[in-house]
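The values are calculated or read from the model by the stated rules, or taken from the named source; none is laboratory data. Just so it is clear, the structure is predicted and the values come from calculations on it, not from any experiment. Heads up, the Cβs are rebuilt from the backbone with ideal geometry, glycines too, and the neighbour counts pull from every protein chain shown. Only protein heavy atoms, including side chains, enter the accessible area calculation; ligands, DNA and RNA are left aside. Shrake-Rupley method; radii C 1.70, N 1.55, O 1.52, S 1.80 Å.
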Amino acid sequence: MKSTYLNTLILSLALILNSCAGEGSYNKDINTEVTESENDDLEIILPELEKQNSALSKEQLKAFEERAIQKFYDFTDYVKIISDPKVSIDLKDHTKLLATELFKTDSFNLDSSNLPHFNSISIRLYLELAKLSIKPIYITPVGVVVTEKLELDSIKGNYTGLIETSIIVNGKKENYKIDIYLIELNKSFGNNTERIREVRLGNIY
């Protein structure tokens, strides 16, 4: 019974992904080479701070917000590559890794009207199902703007914000919100390890 239920769920998700495929002709000259962009990290290398969550300047926060917008555009490009049946499995898997690294958590919300019993699926499952698409999935954002600037949450102790966009899928425009976060992590620079802040995407709803 559980197996049948799971198969039904996966089939439903696959149909949703296929319905998101663009109706335009396939661009044979699409560049499927994926590299980490030179400006991939608008990261701020932090010294040892007396306060773990020290405030950032308006200029620094604006740079992170702009990077968050770029990461969402990167995500839509990655989905197109992952869903393209002409792209090799190795490249799809590499692109999937890059796509998951754009997110703070492994959560990705879908419209509950499509799946009334499942309000969200993980980003990894979404991308894995995208690999099964029979045509590239074209997600076309129409303007991505910051509607809630990054601010320090004094209770949770981290910076959070919100960006919004309209997305055209099969000629229909729908509005979406994307949570954005600043996270702290260690990153190696040669033989040294520095503590950096990096912006990540959150839920899409």
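Within segment 123-144, the set of residues being without any contact (Cβ under 8 Å) to a residue 40 or more places away in the chain and either hydrophobic (A, V, I, L, M, F, W, C) or more than 25 Å from LEU97 (Cβ to Cβ) (or both) comprises ILE123, VAL142, GLY143.
Taking segment 133-153, which residues are open to solvent by 50 Å² or more (accessible area, probe 1.4 Å) and not in a strand (DSSP E or B)? Listed by number, the residues that qualify are ILE134, LYS135, TYR138.
Taken over segment 152-177, residues that are of a type in the set (A, V, I, L, M, F, W, C), under 21 Å from the mean Cα position of the chain (by Cα) and over 16 Å from ARG200 (Cβ atoms) amount to 3. Evaluate segment 173-195: report whether one residue or more is among the β-branched types (Val, Ile, Thr) and more than 27 Å from LYS58 (Cα to Cα). No; the residues of segment 173-195 include none that is among the β-branched types (Val, Ile, Thr) and more than 27 Å from LYS58 (Cα to Cα). Filtering THR193, THR165, THR160 for residues that are loosely packed, with under 13 Cβ neighbours inside 10 Å, part of a strand (DSSP E or B), among the β-branched types (Val, Ile, Thr) and in contact with a strand residue (DSSP E or B) (Cβ under 8 Å, 6 or more places away or on another chain) leaves a single hit, THR193.
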